[in-house]
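Chemist: First the structure, which I've put down as structure tokens, then a few questions once you've had a look.
Coordinate-derived values only; no laboratory data. From a predicted model like this one, the values you see are computed outputs, not experimental measurements. As a convention, Cβ positions derive from the backbone with ideal geometry for all residues, glycine included, and neighbour counts pool all protein chains shown.
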Amino acid sequence: MIIDRSKFLHLSILTLFCVALFSCNTNVTIKPGVNRGILDLKDIEDTISNPVRLDGTWKFYWHYLIENKQQLQIQNPPVEYITVPAPWNKQKYFKSYPAHGYGTYHITMVHSKNTIGSIMYIKMPFTYTSHAIFINGIPVARSGVVADNKHKMVPNQLPSIIQFTVQSPTTDIFIQVANYQQRNGGIIHPVYYGTPKIIESFHNRSIYMQLFVFASLFVIGIYHLGSYFINKSKQNIFMGLFSLIVALRILVINDMLLISFSNIPWAFNFRLSYLTVTISPILFCHFVNSIYPNKIKKYNILITNIYFGFFTFFVCIAPLHILSSSLIFLQLVLVYISICFLVILIKETSKNLKTKRIFYVGLILGFACLINDILFSHQIINTINSSHLGILIFIVTQSMIVFEEYIMQQQRLILLSHEMNIAKKIQRNILPSEPPSLHGVLIDILYLPVNTIGGDFYHFFEIDNKHAGIFIADVTGHGVPASMIASTVNIAFTLQYDHAAYPDTVLSNINNLLIGKTGNQPITALYCYLDMDNMTARLSRAGHSYPLYFNSKSGTIEEIKTQGNVMGISPSADYVSTQFNIHNGDKIILYTDGLIEIRNKYNHQFDVEKVKQSIIDNQDLKASEFTNRLINDVLQWAGSKENITDDITVITIDIG
């Protein structure tokens, strides 16, 4: 069965989003509804299989701290009603109160007969900004210290799971709440009720999902930071830090996992939650700018750096109640910057991205989750914080796109490798497998390309057993392009057989044939014609390394210096021939510049003088033995074959 990769990627994203949605979704619950402080569970309590949301209208006593019904009767406060979950300062249908203050929520639960004597759980969210809970007058949980003034009140926001035994047909729950720090006060998140199994399962799903998203972002962040230290790519360090900041945000919002698992002060956790909002846009801005340089307008980068940089400093020093009220100013600019990034990413990726749809899915979901968080923070909608989830989906989509590109790149590499093998075979076929057989002459060839295929080239004209032409060339560059030019040089050379005895004519004709056919890549070459009847050698040079001639009679080495321009560039290039006598015991060494440009660990070259010394030291060796000794000297100088950076070709001609 063949699976379409595009469909697989879309399915993966949909699966991830659904898992996250159902793991964190608070709507998979029962809502019997609290009506004027009464929650009637008689008809559903025996059959509930999901958490019961205690949403509705609760009784509320503003500026009263009440623990039980007896105290309620004694103080006899005026009964108000309030919507839960919702801030007490942003009530749609009932009276709103100042954000800063205190009060008591009251609900009476009516149970079924079968529930009496059973152990039940309440999942209490964190409140804004401290609370104490009493069930039938018994204190069962608290977060921070509730007080009637800000000096005695101690803020803390810890969710909790409360266990109690249903002892009578009704249960009275009083929740005292105080807030003097946040811009909103009261019970803003849903309260849940159910059996221990139901509540624990519901709670654990939420925790596991948060930890899953945290771990995913943390691993992604560490991976990108590790990649930065390997390839020094700026986009890696920005994405790595961005992922870690968003991962940190998961620990300081929702279930406040950082406070739950450590003893850090609430105020520190609160400032951290804001710092994740101020720092992450800066990092993401530079991440986008590193991918698409000069696409983000400079003033947008400046706005991001200065505005969010200022707020980063402000978050560290501002009083908490002022800091809470400033969130709207952060969010407005955040939406503006996010829209700018959204436009840039869509515009740039639409030009060359094949997997556009999956990219847009991740981008739109990420942006939608950001908008959701902003609306949720202002209680315009009643959902959950989900920006971290959206960012994870965005990052995962990018990773999937990178993976898709990686697969395509691997396929291209396989195809390229196949083509390289073909090119290698072609080059092997055009390079002579054996040197010409001349009476009284031994010729040995060393060909050492840097890549699988190289830019060095050699060939021969074997006229008879007394006459031969030897051609060596070096194309600028390596690999397939250089090999293709070398193939062109081969064709041009083979056409010169009739002029084999005239080196200057051979090079001139080859140059004329190459003009306009090499992409302006210069080619150096040298052609040597051996005449064993007259014991002479004639050669012509086209910008190539000077050949070395060892005279066995005098024991000296001479560089045969002839003039001549490189081939393939100018049609007016001029070439001249030089002729000299040869004797038994002489050596002629033709080579490409890769031999004398090798550097050792001290950055010193293996220059011509070292080649000359090797000839002197090994003058008695036959051609093949000398070539092997020379290349061993070269490899010892370089340290290893991997340190050789240019193709090397050496042709050793042993006379007599």
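Chemist: Treat the count of other C-beta atoms within 10 Å as a stand-in for reagent exposure and order 271, 541 from fewest to most. Numbers along the way, then the final one.
Modeler: On the way: 271 18, 541 26.
The most exposed by this proxy come first: 271, 541.
Chemist: How big is D, in µm² s⁻¹, for the stretch 194-287 by Stokes-Einstein at 10 °C and 1.306 mPa s if Rh is the Kirkwood radius over C-alpha pairs? Can you show the working numbers first?
Modeler: Working: Rh = 14.5 Å.
Translational D for this selection: 109 µm²/s.
Chemist: Let me ask something else about it. Exposed loop sites here are GluC sites (Glu not before Pro) in DSSP loop states with at most 16 other C-beta atoms within 10 Å. What is the longest stretch of the chain lacking them?
Modeler: That gives 68-596 as the longest site-free run.
Chemist: Determine Rg/Rh for the stretch 30-189; Rg is computed over alpha-carbon atoms and Rh is the Kirkwood hydrodynamic estimate from the same atoms.
Modeler: 0.95
Chemist: Here is a further query. Would you kindly state how much longer the chain becomes between residue 517 and residue 69 on full extension, computed as 0.36 nm times their sequence separation minus their alpha carbon distance, in nm to one decimal?
Modeler: 151.3 nm
Chemist: On to the next question. Picking from 328, 64, 303, whose Cα lies most toward the positive end of the charge dipole for the chain (charges on Cβ: Lys, Arg +1; Asp, Glu -1)?
Modeler: After comparing all options, I get 64.
Chemist: Can you compute 3J(HN,Hα) from phi for each residue in the stretch 308-325, using the Karplus curve 6.51 cos²θ - 1.76 cosθ + 1.60 with θ = phi - 60°, rounded to whole Hz and x for Gly and Pro?
Modeler: In residue order, the calculated couplings are 6, x, 4, 5, 4, 5, 4, 4, 6, 10, 6, x, 4, 5, 6, 4, 4, 6 Hz.
Chemist: State the Kirkwood hydrodynamic radius of the stretch 435-655 in Å, one decimal place, computed from all pairs of distinct Cα atoms. Numbers along the way, then the final one.
Modeler: Details: mean 1/r = 0.0572 Å⁻¹.
About 17.5 Å, per the Kirkwood formula over Cα pairs.
Chemist: Could you name the lysines in cross-link range of residue 622, using Cα to Cα under 23 Å and dropping any fewer than eight places away on the same chain?
Modeler: Those lysines meeting the cut-off are 466, 553, 587, 610, 612.
Chemist: Okay, next question. Taking 0.36 nm per residue of sequence separation and subtracting the Cα-Cα distance, how much length would be gained by fully extending the chain between residue 563 and residue 466, in nm to one decimal?
Modeler: Stretched fully, the residue 563-residue 466 segment lengthens by 32.2 nm.
Chemist: Given 347/517; 59/113; 123/150; 295/601, which pairs have Cα atoms separated by over 31 Å? Don't skip to the end; give the middle numbers.
Modeler: On the way: 347/517 39 Å; 59/113 25 Å; 123/150 27 Å; 295/601 43 Å.
From 347/517; 59/113; 123/150; 295/601, over 31 Å: 347/517; 295/601.
Chemist: Here's a follow-up. Let me see the pair-distance distribution of the stretch 579-656: every alpha carbon pair, 10 Å bin width, integer percents in order.
Modeler: Per 10 Å bin, starting at 0, the Cα pair percentages come out as 18, 51, 25, 7, 0.
Chemist: Right, next: Just the number, please: Stokes-Einstein D of the stretch 104-205 in µm²/s, Kirkwood Rh from C-alpha pairs, 25 °C, 0.890 mPa s.
Modeler: 172
Chemist: Place a point 7 Å from Cα of residue 600 in the direction of its Cβ. Which residues in the stretch 607-633 have their backbone N less than 19 Å from it?
Modeler: 607-618, 629-633, by backbone N distance to the label point.
Chemist: Something else about it: Can you pull the semi-axes for the chain, root of five times each eigenvalue of the Cα gyration tensor, sorted largest first, whole Å? Numbers along the way, then the final one.
Modeler: Details: eigenvalues 1519, 104, 89 Å².
After scaling each eigenvalue by five and taking roots: 87, 23, 21 Å.
Chemist: Calculate, for residue 635 and residue 498, the FRET efficiency according to 1/(1 + (r/R0)^6) with r their C-beta to C-beta distance and R0 30 Å; round to the nearest 0.05.
Modeler: About 0.15, to the nearest 0.05.
Chemist: Can you give the extra length, in nm with one decimal, that the chain gains between residue 222 and residue 554 once fully stretched, where that is 0.36 nm per residue apart less the Cα-Cα distance?
Modeler: Stretched fully, the residue 222-residue 554 segment lengthens by 112.6 nm.
Chemist: For residue 225, what is the net charge nearby, where nearby means another residue's Cβ is under 15 Å from its Cβ and Lys, Arg count +1, Asp, Glu -1?
Modeler: Here the charged neighbours net out to +2.
Chemist: Here's something else I'd like to know. Rg to Rh ratio, the stretch 268-333, alpha-carbon atoms and Kirkwood radius?
Modeler: Looking at the stretch 268-333, the ratio lands at 1.03.
Chemist: While we're here: Which far-off residues, 5 or more places away or on another chain, put their amide H under 5 Å from the one on residue 656, with H placed in the peptide plane?
Modeler: Here the answer is 441, 442, 585, since their amide H atoms fall under 5 Å of that of residue 656.
Chemist: Additional query: Net charge near residue 475, counting Lys/Arg +1 and Asp/Glu -1 over other residues with Cβ under 15 Å of its Cβ?
Modeler: -4
Chemist: Add -39500 (n - 2.57) for each DSSP H run of 4 or more in the chain, then divide by its residues: what number comes out at 222 nm, to the nearest 500 deg cm²/dmol?
Modeler: Helix-only estimate at 222 nm: -15000 deg cm²/dmol.
Chemist: In a shell of Cβ-Cβ distance under 15 Å around residue 590, excluding residue 590 itself, what net charge do Lys and Arg (+1) and Asp and Glu (-1) give?
Modeler: Spelling it out: positives minus negatives among the neighbours equals -4.
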